[in-house]
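Undergrad: Just passing along the structure, written as structure tokens.
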Amino acid sequence: MAACWWLLILFTSSSAHNDFFTSIGHMTDLLFTEKDLVSSLKDYIQAEERKLEQIKKWADKLDVLSAAATQDPEGFLGHPVNAFKLMKRLNTEWGELESLVLTDMSDVFISNLTIQRQHFPNDDDQTGAAKALMRLQDTYQLDTGVMSSGQLPGTSSAASLHSAMMADDCYDLGKVAYSEADYYHTELWMTQALKQLDQGETSGSVDAVTVLDYLSYSVYQQGELERALDFTRRLLELDPAHQRANGNLKYFEYQLEKQKKAEETEEEEEAGGRKRRETRDQPDDYLPERKKYERLCRGEGIRMTPRRQSRLFCRYYDNNRHPRYVIGPVRQEDEWDRPRIVRYHDIVTDREMEKVKELAKPRLRRATISNPVTGVLETAHYRISKRRATVHDPQTGKLTTAHYRVSKSAWLGAYEHPVVDQINQRIEDITGLDVATAEDLQVANYGVGGQYEPHFDFGRKDEPDAFEELGTGNRIATWLLYMSDVQAGGATVFTDIGASVWPKKGTAVFWYNLFPSGDGDYRTRHAACPVLVGNKWVSNKWLHERGQEFRRRCGLQESD
């Protein structure tokens with residue numbers, strides 16, 4: 001459902017309790033856990049209400065009785081029954097009432113909560129979720145106000161009503177950015193929090209003074225002295241005794257005066273000041289092609305010329321009259337020409353895809369996983385937080401920090417179920433390549449915010465031992481099967497050539513990673529864009545060189 005986009009709880013830990021994050025399927029378990037807890041909480045409230053109702057009835061009865069008795073105490077107690085009942089009440093019934101008052105009706109709820117708490121996300125998971133939101137914001141150039149309202153592309157108006165952020169949510173996002181010294185996003189989200197507070201929204205956990213304190217420092221860190229001064233002055237209007245703000249006010253005034261004097265004496269300083277203001281932007285990161293990657297994720301960037309576009313076709317394909325496809329050929333569509341990327345439509349059935357997901361779900365893992373065929377740490381999953389997961393560095397053989405993948409995956413062998421074997425056979429029949437030396441089928445689930453940044457599937461010249469343990473050579477080709485539609489985001493983009501391929505359930509995309517000469521085709525550098533709204537299931541089949549000698553002839557020249 002569209003509203004699920006807000007449950008961005010991502011990403012790694014070796015502990016089992018964190019293992020469901022990044023998978024919508026596993027995050028769904030959290031929703032039902034919370035639903036059960038709400039039901040348990042309501043039962044507790046009802047039990048407390050019944051208890052209070054009993055106490056109230058007892059108090060009302062005694063109130064009437066004592067009011068009448070105290071009108072004429074001696075006359076009231078002159079009746080032997082009244083005297084007996086007074087002794088009984090004080091000796092027995094008040095003790096029973098005391099026991100009732102002391103009865104803890106929360107035992108069942110607390111017990112249930114304690115059991116479920118071991119599956120709850122922790123601080124790192126919440127931090128990861130916040131950073132995932134900021135990644136989506138940058139990739140898809142989303143306005144902070146739009147994100148706060150929950151009105152994302154691909155969501156309905158009804159879903160957005162349940163996905164809106166409160167001022168304290170915006171404040172928490174700003175705090176996460178601040179803790180990472182990311183003052184760009186600190187400013188964006190603290191500004192949004194302040195805007196919502198100014199519009200009359202009430203919050204029990206944050207006020208304008210606190211938000212302004214963060215805002216003034218974050219804009220100061222970006223070189224905006226005048227704005228930092230303005231925010232500080234507004235803060236002091238609300239809280240004149242604020243110690244840090246009073247100190248900052250004097251410091252900012254001093255720095256601003258110093259800056260103005262320097263600008264008067266040297267015109268270059270004025271230009272330098274402009275440059276500082278112009279460069280207030282997203283913080284730098286490790287990915288040199290970030291902007292190009294994000295443009296392609298948005299469907300922007302390089303466009304194929306009309307002449308090249310006219311050479312792309314759709315056709316019925318039988319792989320040179322393969323016996324399985326002579327009568328029922330598959331639909332093949334050209335996605336790109338150089339390198340050639342093709343899509344096969346309706347290549348698997350819904351029943352087959354559901355079976356693959358069913359087989360994979362119990363094994364989905366996010367932490368470092370060993371390929372069951374090679375023993376190599378093949379997947380690169382990570383939590384977006386200070387603690388990163390590790391991946392295998394093919395050059396050093398050591399575990400290194402993984403910056404680029406947020407997903408969960410599992411490996412399925414052909415022997416595990418007939419459906420897996422059937423899919424493998426279908427890949428061989430359609431591509432003409434031998435799957436005997438291919439890796440197991442890798443099933444991956446990219447939850448909301450899930451991504452895989454630009455990478456190559458093949459081992460490059462500086463990675464001579466990338467697939468040495470397999471003994472089957474380099475990855476000659478990639479088969480990528482989409483097992484779900486995605487409401488927004490989640491494209492597969494090729495950053496070198498500028499191609500964007502969008503998920504479509506039941507279709508498979510295929511390309512060669514190597515030239516006929518055996519050299520790597522660097523044009524195949526690709527990425528999985530962050531999932532903005534929805535749930536992305538894919539399965540990969542990486543085919544290797546060994547066994548393809550008579551299926552794809554090698555050549556001396558590099559060509560498509």
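Undergrad: Sorted from largest down, what three extents in whole angstroms do the Cα atoms of segment 145-271 have along their principal axes?
TA: Principal axes ranked by extent give 59, 36, 25 Å for the Cα atoms.
Undergrad: In addition: Send over a whole-number figure in Å² for the accessible area per residue of segment 150-226, probe 1.4 Å.
TA: Using a 1.4 Å probe on heavy atoms only, each residue of segment 150-226 averages 43 Å².
Undergrad: Identify all aspartates and glutamates with a Cα-Cα distance to LYS51 below 17 Å; exclude those on the same chain that are fewer than 8 residues away in sequence.
TA: Of all the aspartates and glutamates, those that pass the test against LYS51 - Cα under 17 Å, at least 8 places apart if same chain - are ASP43, ASP60, GLU93, GLU96, GLU98, ASP104, ASP107.
Undergrad: Follow-up question, since we're still on this one. Quote to one decimal, in nm, the extra length available between GLN141 and PHE313 on full extension: 0.36 nm per residue of separation minus the C-alpha distance between them. Write down the numbers at each step before the final one.
TA: Working: separation 172, 0.36 × 172 = 61.92 nm, distance 3.29 nm.
Stretched fully, the GLN141-PHE313 segment lengthens by 58.6 nm.
Undergrad: Here's a follow-up. Share of segment 426-560's accessible area from carbon and sulfur, percent, 1.4 Å? Show your work: numbers first, answer last.
TA: Details: 2030 of 4390 Å².
Exposed carbon and sulfur together represent 46 percent of the surface.
Undergrad: Describe numerically, in nm with one decimal, the distance between label points set 7 Å from Cα along Cα→Cβ at GLU463 and at GLN54.
TA: Simple spin-label model gives 6.8 nm for this pair.
Undergrad: Determine, for each peptide in 171-184, 241-254, the mean count of other beta carbons within 10 angstrom over its residues, then list the peptides with the highest first. Provide the component values of the computation, followed by the final result.
TA: Details: 171-184: 19.9, 241-254: 14.4.
Final packing ranking: 171-184, 241-254.
Undergrad: What is the distance, in nm, between label points placed 7 Å from the Cα along the Cα-to-Cβ direction at ARG324 and at TYR184?
TA: The modelled label-to-label distance comes out at 4.8 nm.
Undergrad: For TYR254 and ILE302, calculate 0.36 nm times their separation in residues minus their Cα-Cα distance, and state this gained length in nm to one decimal. Each step should come with its number before you reach the end.
TA: Details: separation 48, 0.36 × 48 = 17.28 nm, distance 4.84 nm.
Computed gain between TYR254 and ILE302 is 12.4 nm.
Undergrad: Could you compute the FRET efficiency for SER66 and SER39, with r as their C-beta to C-beta distance and R0 at 35 Å, rounded to 0.05? Don't jump to the answer; show the numbers that get you there.
TA: Numbers: r = 41 Å, r/R0 = 1.16.
For R0 = 35 Å, the calculated efficiency reads 0.30.
Undergrad: Under the definition of Cα pairs under 8 Å and six or more residues apart, what whole-number percent is the relative contact order of segment 115-226? Walk me through the numbers on the way to the answer.
TA: Details: 105 pairs, mean separation 23.0, N = 112.
Taking the mean separation of contacting Cα pairs over the length of segment 115-226, I get 21 percent.
Undergrad: Take the Cβ-Cβ distance between ASP350 and ASN122 as r, set R0 to 30 Å, and report the resulting FRET efficiency rounded to the nearest 0.05.
TA: Numbers: r = 36 Å, r/R0 = 1.22.
Step by step, r from the Cβ atoms, then E = 0.25.
Undergrad: Follow-up. Quick check for you: which residues of segment 503-536 have the amide N under 14 Å from the point 7 Å beyond the Cα of HIS455 toward its beta carbon?
TA: It comes to 525-530, nothing else.
Undergrad: Note the full-extension length gain between VAL209 and ASN82 as 0.36 nm times their separation in residues minus their Cα-Cα distance, in nm to one decimal. The partial results should precede the final answer.
TA: Working: separation 127, 0.36 × 127 = 45.72 nm, distance 6.33 nm.
Fully extending the segment from VAL209 to ASN82 adds 39.4 nm.
Undergrad: On to the next question. Scattering from the C-alpha atoms of segment 449-560 alone, worked out with Debye: what is log10 I(q)/I(0) at q = 0.13, 0.18, 0.21, 0.22 1/Å?
TA: Cα-only, vacuum Debye calculation for segment 449-560: -0.54, -0.94, -1.15, -1.22.
Undergrad: From the Cα gyration tensor of segment 402-471, with a ≥ b ≥ c the square roots of its eigenvalues, which class applies: rounded if a/c is under 1.5, or else prolate if a/b is larger than b/c, or else oblate?
TA: Details: a/c = 2.11, a/b = 1.20, b/c = 1.75.
In terms of gyration-tensor shape, oblate.
The values are calculated or read from the model by the stated rules, or taken from the named source; none is laboratory data. Model, not experiment: these values are computed from the prediction. So basically every Cβ, Gly included, is an ideal-geometry build from the backbone, and we count neighbours across all protein chains shown. For the accessible areas, the whole protein counts, side chains as well, though only heavy atoms, and no ligand, DNA or RNA atoms are used. Shrake-Rupley method; radii C 1.70, N 1.55, O 1.52, S 1.80 Å.
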